[in-house]
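See structure below.
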Amino acid sequence: MFRFLVLASILAAAFAARSYNGYQVLRVIPRSGSDLTELSVIEEKIREVVDFWKPPRSIDHPVDIMVSPSYRDFVIRTIEGRGFEVQTFIEDVQKLALDQRKRAPVSVSDGFDYEVYHTLDEINDWIDTFAASNPSLVSVEKLATSYEGRSVRALKVGAPRIITKPIVWLEGGIHAREWVSPAAMMYMTKMLVDNYGSDSDVTSMLDNFDFYMIINYNPDGYEYTWTGDRMWRKTRSNNVGRLCDGVDPNRNWDFQWGNAGTNPCADDYQGPNAHSEIEVLQVTNYILGLNDVRVFVDFHAYSQMWLTPWGYTYRLPSDYTEQYNVARDAVNALSAVYGTSYEYGSIANTIYPASGSSVDWAYGVAGIKYSYAVELRDTGTYGFLLPTDQIVPTAIETFEAVKVIVKAAIY
């Protein structure tokens, strides 16, 4: 009966939400600097009528553009008119979005199905239940209160010790539409707890560190992806006197802030000032109040990349060689599981400059050497609409990379 009620509520939300019937994702690949320049000009021309899932920022990296049926022909003509080949990469956005909400009538031993995407209420219930079921290793920490009054919480996972242990900070869901991020975070948390005492690496990690697992950093935005707009990325704060709501919480951190998006209607809008978003302000204050944070990883999707500071500049930080080497080793460990290929390197040099980001703040302000931004599966076949059967494999392979990062932080 419970499963039926959950399914009914999900379907009701789906029908109430914005429809993407007839929407497709187009792909264009710039092969030169002049291509990038041309595509940037096109971006400015059409950005008001499309959603750039991946904007034109670097050579040989795909540009993915979601288009409505009303503007599809116009966009294709505009791009092809500049000499580019346009590929229809995703034929039916709405179908993939609905597929992500499907629930198979399966039986799970612990009452929670990690192989589906969950609503915010389900995630919050899981956080409480998981902590209560594992009291010797897990507790719930409140980090912040969102703009709409929801709690931003972490599961603190670690073996009890008398001394204060250093911290590993892993966060997901800062961008609302990147559903695989919180889903993978939940499964990796389960792996930490389930493997303590049987896996020597995990046992050592939890004996020597406390893990802060932030399942969903942006609860207002995530809730809205279920009830309003599946492709929503930002927070849900009200931009007073402006047409559009929300701020990109990963352009709002108070380090080198101010060189990102200035259009309140754009997905990368940086906000009126650094730390304008209450979630960002309170979480950063919380981190600064912790003792000895050694690892910071912010999980995103999609593109399959393991990225280091800096994002705001092409220059490399003083710790870059070690950050790069550890990222390389982490990616090798990840790839060894299923053969998934990842790129790695600094944010600006690997994809594009991005100021006011979490990773730059973590390294530049909080002094956390092993700070990384991770773009999880895939490379665009599904994009933000990754099928449910890839949740657990994504978590399993990523967990192997996390082990490498944490081992590097033991000193």
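Across the accessible surface of the range 327-404, with the other protein chains kept in place and a 1.4 Å probe, carbon and sulfur atoms take up 46 percent. Structural descriptor for the range 212-265: relative contact order 23 percent, calculated from alpha carbon pairs under 8 angstrom and at least 6 residues apart. In the range 166-313, the portion of solvent-accessible area held by carbon and sulfur atoms comes to 43 percent [1.4 Å probe, whole percent, DNA, RNA and ligands not counted]. Cross-link partners of Lys156 among lysines, defined as those whose alpha carbon lies under 30 angstrom from its own and excluding same-chain residues fewer than eight positions apart: Lys142, Lys165, Lys190, Lys234, Lys369, Lys403, Lys407. Applying the Karplus relation 6.51 cos²θ - 1.76 cosθ + 1.60 with θ = phi - 60° to the range 209-216 yields 3J(HN,Hα) values of 9, 9, 9, 9, 9, 8, 5, 9 Hz, where x marks Gly and Pro. Taking amide hydrogens as placed 1.01 Å from N in the peptide plane, the amide H of Tyr344 sits under 5 Å from those of Trp306, each at least 5 positions away in sequence or on another chain. Extension gain for Ser133 to Asn259 (0.36 nm times residue separation, less C-alpha to C-alpha distance): 40.9 nm.
Gain on full extension, evaluated as 0.36 nm per residue between Glu80 and Arg18 minus their Cα-Cα distance, stands at 19.4 nm. Applying D = kT/(6 pi eta Rh) to the range 222-292, where Rh is the Kirkwood radius over alpha-carbon pairs, T corresponds to 25 °C and eta to 0.890 mPa s, the Stokes-Einstein value obtained is 192 µm²/s. Over the Cα atoms of the range 181-328, what is the Rg over Rh ratio if Rh follows Kirkwood? Reported Rg/Rh (Cα atoms, Kirkwood Rh): 1.00.
The mean sequence separation of alpha-carbon pairs under 8 Å and at least six residues apart, normalised by the residue count of the chain, gives a relative contact order of 16 percent. Shown here: the chain, whose C-alpha atoms stretch 66, 57, 46 Å along the first, second and third principal axes, sorted largest to smallest. The amide H of Phe296, built 1.01 Å from its N in the peptide plane, has Trp169, Tyr370, Ser371, Tyr372 as neighbours under 5 Å, considering only residues 5 or more places off or on other chains. Entry for the range 267-388 at q = 0.15, 0.17, 0.21 Å⁻¹: log10 I(q)/I(0) = -0.74, -0.93, -1.27, Debye formula applied to identical alpha-carbon scatterers, no solvent contribution. Helix-only arithmetic for the chain: the sum of -39500 (n - 2.57) across DSSP H runs with n ≥ 4, divided by the residue total, places the mean residue ellipticity at 222 nm at -11500 deg cm²/dmol. A Stokes-Einstein calculation at 20 °C with viscosity 1.002 mPa s, built on the Kirkwood radius of the range 138-186 over Cα pairs, returns a diffusion coefficient of 168 µm²/s.
In the context of the full set of protein chains, residues of the chain present 40 Å² of accessible surface per residue (probe radius 1.4 Å, heavy atoms only).
Backbone phi angles across the range 146-157, fed through the Karplus curve with coefficients 6.51, -1.76 and 1.60 (θ = phi - 60°), yield HN-Hα couplings of 6, 4, 8, x, 8, 7, 9, 10, 10, 9, 8, 10 Hz in residue order; Gly and Pro are listed as x. Across the range 112-260, Cα pairs under 8 Å and at least six residues apart give a relative contact order of 25 percent.
The phi-based Karplus calculation (6.51 cos²θ - 1.76 cosθ + 1.60; θ = phi - 60°) puts the 3J(HN,Hα) values of the range 244-259 at 10, 9, x, 10, 6, x, 9, 10, 10, 6, 7, 8, 6, 6, x, 10 Hz, whole numbers, x for Gly and Pro.
Between Ala144 and Val152, the built amide H atoms are under 5 Å apart, and every one of these is 5 or more places off in sequence or on another chain.
Temperature 4 °C, viscosity 1.567 mPa s: under these conditions the Stokes-Einstein estimate for the range 85-185, based on its Kirkwood radius over C-alpha pairs, is 78 µm² per second.
The values are calculated or read from the model by the stated rules, or taken from the named source; none is laboratory data. Just so it is clear, the model here is predicted, and its values are computed rather than measured. In case anyone asks, the SASA skips ligands and DNA or RNA and just uses the protein heavy atoms, side chains included. Shrake-Rupley method; radii C 1.70, N 1.55, O 1.52, S 1.80 Å.
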